[in-house]
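One structure coming up, written as structure tokens, with questions to follow.
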Amino acid sequence: MKARSRIPLTTGWDHAVQVMSREIRSIKDPGKVLEILEAGCGQKWDLDIGDGGYVLTGIDLDPEALRIRRDETKDLHEAILGDLRTADFGERTFDVIFNCFVLEHVSGAQQVLEKFNRWVKPGGLIIIVIPDPYSAFGFTSRMTPHWFHVLFYRLIRGSKNAGKPGYAPYRVTYDKVVSREGIRAFCGQNGLVLAAEYGYSGTLTNKSLRQNLVEAYKKTLHVLSLGRLSSDYDDIILMIRKPDLPARADLQVGAATPA
């Protein structure tokens, strides 16, 4: 594994939400209603793109998570129980596809990405959030059993319902395409433009003793890997544009610095 190029960092989840929300707002014309697909919608939607002006469709494979979203959170205009690998929206397309902490659980993630490319409109936006498999955190996630993940969520993250129906963590797969490099390659092969990417760490602002121990572990793994496993972020946010016209060969992958 080669040393990897650096990536701009957000300062925490709130900042990450601001960055992603701003990107969605940037494609919204006055008077236009955005069609948004939350692909793997789970229990809640954190983004803030203003009041109204969009139709939010959520699809999820977990019936209990979808029930909580539909009956308790109540922010979806349409709730669909289904598998992203077999879902069929016919001729329907979306301005935005938002896919957060889902692809790492999917065996057949390449197939899902191909569907996203068909479902998003020209000029539209795909936002993908995944654990970086080559961060210290992601590496540990790949190499440890599911029961360990459940224990981590309960003891470190304080999630009493971790592992129960409707609640993370779910079993991880990490297909080859589910990585920073894999999604970059997918974009290049399919005429998509990776407009920006960011690193995010869920422990940057939490200074509890348990979280400090997690941070110390990540830094140790970073050193032992000779710097190949990142310790300053856990997850990556990739913001992908589908050009109105076919992408030119000279278009370069860019990464904006978060404001």
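The values are calculated or read from the model by the stated rules, or taken from the named source; none is laboratory data. Values in this document were obtained by computation on a predicted structure and should not be read as measured data. Counting neighbours? That spans all protein chains shown, and the Cβs are built from the backbone with ideal geometry, glycine included. These accessible areas exclude ligands, DNA and RNA; they are computed on the full protein's heavy atoms, side chains included. Shrake-Rupley method; radii C 1.70, N 1.55, O 1.52, S 1.80 Å.
Over 19 Å between C-alpha atoms is what I'm after, so list which of 28/242; 44/115; 28/115; 160/219 land there.
The answer is 44/115; 28/115; 160/219.
In vacuo Debye scattering of the range 56-126, one point per C-alpha: log10 I(q)/I(0) at q = 0.11, 0.22, 0.27 Å⁻¹?
-0.27, -1.09, -1.41
Right, another one. What do you reckon, how do 226, 66 stack up by accessible area (1.4 Å probe), largest on top?
Putting 226, 66 in descending order of accessible area: 226, 66.
Full-extension gain between residue 244 and residue 107, please, as 0.36 nm times their residue separation minus the C-alpha to C-alpha distance.
Here the segment from residue 244 to residue 107 would lengthen by 46.3 nm.
Could you tell me the relative contact order of the chain? Use alpha-carbon pairs under 8 Å, at least six residues apart, and round to a whole percent.
24
Now a separate question. By a straight-distance test (C-alpha under 17 Å), which aspartates and glutamates pair with residue 74 as possible cross-link partners, with residues fewer than eight away in the same chain excluded?
Correct list for residue 74: 38, 46, 48, 51, 60, 62, 64.
Could you give the size of the charge dipole of the chain about its Cα centre, using +1 on the Cβ of each K and R and -1 on the Cβ of each D and E, expressed in debye and rounded to the nearest 20?
Approximately 820 debye in magnitude.
If you don't mind, another one. On the protein heavy atoms, probe 1.4 angstrom, tell me the percent of accessible surface of the chain carried by carbon and sulfur.
About 54 percent, which is the carbon plus sulfur part of the accessible surface.
At 222 nm, what value in deg cm²/dmol follows for the chain if DSSP H runs of at least 4 each add -39500 (n - 2.57) and the sum is divided by all its residues, to the nearest 500?
Value at 222 nm, helices only: -8500 deg cm²/dmol.
Give me the lysines in straight-line cross-link reach of residue 218: C-alpha distance below 17 Å, same-chain residues under 8 apart excluded.
207
In addition: Determine the per residue accessible area of the chain with all protein chains present and a 1.4 angstrom probe, expressed in square angstrom.
About 51 Å² of surface per residue is accessible.
Identify, among 140, 57, 129, the residue whose Cα sits farthest towards the positive end of the charge dipole of the chain, taking +1 on the Cβ of Lys and Arg and -1 on the Cβ of Asp and Glu, with the dipole about the Cα centre.
So the residue furthest toward the plus end is 140.
For residue 225 paired with residue 181, estimate the spin-label separation in nm (one decimal), with each label point 7 Å from Cα along the Cα-to-Cβ line.
Label-label distance for residue 225 and residue 181, simple model: 1.2 nm.
Let me ask something else about it. Residue 88 to residue 147: FRET efficiency via 1/(1 + (r/R0)^6), r the Cβ-Cβ distance, R0 35 Å, to the nearest 0.05?
After rounding to 0.05, the efficiency reads 0.50.
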